[in-house]
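Derivation of every value follows stated rules applied to the coordinates shown; laboratory data play no part. On a predicted model such as this, the values are computed, not experimentally measured, just so you know. Here Cβ is always computed from backbone atoms with ideal geometry, including for glycine, and neighbour counts include all displayed protein chains.
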Amino acid sequence: MIPPNSQKSAKSLQSALLCVILLVISSVFISCSNGDFSNLETLPTKQYLENPVDFLGNTYSVKAQIDSQIKWEKEVGRILAVIPEGSSIRLPVFVPDAVGNNIHIGQRFELRVRIEEGGLVYVEALRKY
């Protein structure tokens, strides 16, 4: 039979170990979720608009304010005009229905975008800021 003090010590050790494991898992999750945007280069909007073909297939971050909704199609998505931070240029972007819900004019988002065929700015992920 194990003495009562040893049982308490073993339970305390298990609890401490569980806490450490949960902290490590949380840290990994948080760092991975921030990685969606933090390591991306900012889209050079002016250069992109001058020659979109140079940017095909690349992924960028864009911090922008929603200026207007150009078109919305149920179960497809919406085309928005956004104004990137530090710019007065309106940039059209496509937001698939699965990516963005409840987007309103005036809101600010950080967008992870990929430049697709034809120069389409395709939003892969977004988050408010």
Gain upon complete extension [D97, T42; 0.36 nm per residue less C-alpha separation]:
17.4 nm
Each label point is 7 Å from the Cα along the Cα-to-Cβ direction; what then is the distance between the points at Y129 and K63, in nm?
0.4 nm
I need the fraction of alpha carbon pairs in region 45-128 separated by more than 22 Å, rounded to a whole percent.
16 percent
Going 7 Å from the Cα of V76 toward and past its Cβ, which residues in region 90-109 have a backbone nitrogen under 18 Å from where you end up?
92-101
Work out, step by step, the length gained on full extension between E85 and E116: first 0.36 nm times the residue separation, then minus their alpha carbon distance; give nm to one decimal.
9.0 nm
Place a label point 7 angstrom from the Cα of L49 along the Cα-to-Cβ direction, then list the residues of region 75-105 whose backbone nitrogen is under 14 Å away.
81-93
To the nearest 20 debye, what charge dipole does region 61-129 have about its Cα centre, counting +1 at the Cβ of each Lys and Arg and -1 at the Cβ of each Asp and Glu?
240 debye
